[in-house]
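Shown next, in structure tokens, is the structure this report addresses.
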Amino acid sequence: MLYKFKSRAAADLIMLEPQGRQIVTIMGKTPGASGIVTAAQIPGAIAALEAAVAAEEARPPVNDADDEATEQERAEAVRLRQRVAPLIEMLRRSAAEQVDVVWGV
């Protein structure tokens, strides 16, 4: 299943369900079939996403060099910063134009 974020201020953003659910939860919303981040809620959502990125980056990296699969997984892993960057940009554009961001599955 996919999460699709929409705003009249930016292009649509589509992501896989696990990442979509995680991001919606970080923004303080309940993951579900659809939802909305109102223009008034956008600054808080951006702050929450940026705080989550900072918290992830502050954690020490897992140091398990003996396991090749773990090393490869680490190299291929997509950081939260990379996943949320397009959504933060969408939220900023939406805030500038005072429009809501909605999502649906």
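The values are calculated or read from the model by the stated rules, or taken from the named source; none is laboratory data. None of the values given here were measured: they were computed from a predicted structure. Glycine gets a Cβ as well: all are built from the backbone with ideal geometry, and neighbour counts include every protein chain shown. All accessible areas refer to the heavy atoms of the entire protein, side chains included, with ligands and DNA or RNA removed. Shrake-Rupley method; radii C 1.70, N 1.55, O 1.52, S 1.80 Å.
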task = Would you point out the residue of the stretch 1-45, among those that are out of contact with any Lys or Arg (no Cβ under 9 Å at 6 or more places or on another chain) and of a type in the set (Ser, Thr, Tyr), that is nearest to ALA85 (Cα to Cα)?
result = THR25
key: Whichever residue in the stretch 1-13 is assigned to a loop (DSSP other than H, G, I, E, B) and among the aliphatic types (A, V, I, L, M) and, among such residues, is surrounded by the most Cβ atoms within 10 Å (Cβ to Cβ)   = ALA9
key: Hits in the stretch 14-50 (condition: open to solvent by 60 Å² or more (accessible area, probe 1.4 Å) and either of a type in the set (Lys, Arg) or not in a strand (DSSP E or B) (or both))   = PRO18, ARG21, GLN22, THR25, GLY28, THR30, ALA33, ALA40, GLN41, PRO43, GLU50
